[in-house]
Amino acid sequence: MSRENSSTDGRDDGFTRVASAAEIPEGEGVGFDVGGIEVAVFNAGDGFHAISNRCAHQGAPLCKAGEEKINAEDTWTGTRGGVDAESKTVSCPWHLWSWDLETGEHEASGKRIGTFDCKVEDGDVLVRI
Ligand code: FES
């Protein structure tokens, strides 16, 4: 899922409201445009994490991790990639590279994608670029 949100709603702390916490279920992610930056926000169960929405391998949108595949009936899994709450990682829906939600690192390649401050206030998920 993907949405656009570039308003700071009058806040002076640099955070932008992207969604209500209830709109991002546990184990899922949603993509947002925050000030022109593509950000994926994941609910890993212990809280929310904001990272770049573009995989550094070949550019897949990470917010689609765990979504149902369009050809699922002909494959051995119905979904591809997803959030692992225990390791706090998300695996990419295209080739399953696993990204650390806190550091943005892919251990095997040493590549890193952007991570952003993310918090919940009064039921709203806020991201700071
Ligand atoms: S595009 Fe993400 S693992 Fe290949």
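The values are calculated or read from the model by the stated rules, or taken from the named source; none is laboratory data. A quick note: this is a predicted structure, and the numbers were derived from the prediction, not measured. Cβ: placed from backbone, ideal geometry, glycine included. Neighbour counts: every protein chain shown. Each accessible area value is taken on the protein alone, full model and side chains, heavy atoms only, with ligands, DNA and RNA left out. Shrake-Rupley method; radii C 1.70, N 1.55, O 1.52, S 1.80 Å.
Just a few scattered comments:
- Probe 1.4 Å - accessible area at Ser98, Å² to nearest ten: 50
- Percent accessible area from carbon and sulfur atoms, the chain, protein chains only, probe 1.4 Å: 44
- Probing with 1.4 Å while keeping every protein chain in the model, the per residue accessible area of the chain equals 54 Å².
- Ligands, DNA and RNA aside, Phe116 has an accessible area near 50 Å² when probed at 1.4 Å.
- Secondary structure note: in the chain, about 90% of the DSSP beta bridges are antiparallel.
- Computed from label points 7 Å out along Cα-Cβ, the spacing between Gln58 and Ala108 is 1.4 nm.
- Extension gain (nm, one decimal) between Ala21 and Glu38, 0.36 nm per residue minus Cα-Cα: 4.2 nm
- Short-range pairs are left out: with C-alpha atoms under 8 Å and at least six residues apart, the relative contact order of the chain is 24 percent.
- Residues Glu68 and Asp13, FRET efficiency given R0 of 30 Å [Cβ-Cβ distance, rounded to 0.05]: 0.20
- Accessible surface of Lys111 - all protein chains present, 1.4 Å probe, nearest 10 Å²: 90
- Globularity index of the chain is 1.03 (Cα radius of gyration / 2.2 N^0.38 Å, N = number of residues).
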